[in-house]
1. Of all residues in the range 85-101, which are in a helix (DSSP H, G or I) and open to solvent by 20 Å² or more (accessible area, probe 1.4 Å)?
2. For VAL115, which of the numbered conditions (1) within 17 Å of LEU6 (Cα to Cα); (2) within 16 Å of the ligand (Cβ to nearest atom) fails to hold?
3. For the range 1-50, which residues satisfy the criterion of being without any contact (Cβ under 8 Å) to a residue 12 or more places away in the chain and either within 18 Å of VAL99 (Cα to Cα) or touching a Pro at 6+ places or on another chain (Cβ under 9 Å) (or both)?
4. Looking at the range 47-84 only, could you name the residues that are part of a strand (DSSP E or B) and within 14 Å of the ligand (Cβ to nearest atom)?
5. Quick one: count up the residues across the range 24-49 that are open to solvent by 30 Å² or more (accessible area, probe 1.4 Å), under 20 Å from MET14 (Cβ atoms) and not charged (D, E, K, R).
6. Among residues belonging to the range 1-23 that are charged (D, E, K, R) and assigned to a loop (DSSP other than H, G, I, E, B), point out the one that is most open to solvent (accessible area, probe 1.4 Å).
7. Given the structure, is GLY104 open to solvent by less than 70 Å² (accessible area, probe 1.4 Å), within 10 Å of the chain's Cα centre (by Cα), under 26 Å from PRO133 (Cα atoms) and in contact (Cβ under 8 Å) with a residue 12 or more places away in the chain?
8. Given (1) part of a strand (DSSP E or B); (2) within 15 Å of SER114 (Cβ to Cβ), where does THR39 come up short, assuming only one miss?
Amino acid sequence: MDIRDLIEKAIAAMDFAYTPYSNFKVGAALLTKSGKIFTGCNIENAAYSPTVCAERTAIFKAVSEGETEFEAIAVVGGPNGELKETGDFTGPCGVCRQVLMEFGSDIKIISANSVDEYFINTVADLTPKAFGPANLAE
Ligand code: THU
């Protein structure tokens, strides 16, 4: 996995964030197990609640094109698209963690401030005792 490339693509995707209300811009780049990358940005809405996060944009793009097996997702974000200097990383929010959980608790979440400054957690790390597909098994 080329982590720097994934982070670069997430940073580039952040440019497309549609954020007239919060001006908080987020970019995501999702790597499939087959080696494809799907990017996403957050897309806000005047009615607020229809707003979709960058992570889910990327996931839904991938699933809608037949990809459901994921290796990792890089996430970057900040006010006005400015990445934080250090220590403080963006997302994913609880809803996006739940959506990731649907596709695998071992997906790596790369939270980045730059191509050099990032940390990696799995979905399971960030979503302890989550509800998932296994709970629906009879
Ligand atoms: N946002 C994301 O895109 N991903 C996250 O993980 C956290 C929040 C977006 C939603 C909204 O457009 C803005 O950031 C402020 O909450």
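1. Passing the criteria: GLY94, VAL95, ARG97, GLN98, VAL99, MET101.
2. (2)
3. Hits for the range 1-50 are SER49, PRO50.
4. VAL52, ILE73, ALA74, VAL75, VAL76, GLY77, GLY78, PRO79
5. Total satisfying the criteria: 5.
6. If we take residues in the range 1-23 being charged (D, E, K, R) and assigned to a loop (DSSP other than H, G, I, E, B), then ASP15 is most open to solvent (accessible area, probe 1.4 Å).
7. no
8. Of (1) part of a strand (DSSP E or B); (2) within 15 Å of SER114 (Cβ to Cβ), only one is false for THR39: (2).
The values are calculated or read from the model by the stated rules, or taken from the named source; none is laboratory data. Because the structure is predicted, anything quoted here is derived from the model rather than measured. FYI the Cβ positions are ideal-geometry reconstructions off the backbone, even for glycines, and counts take in every protein chain you see. Only protein heavy atoms, including side chains, enter the accessible area calculation; ligands, DNA and RNA are left aside. Shrake-Rupley method; radii C 1.70, N 1.55, O 1.52, S 1.80 Å.
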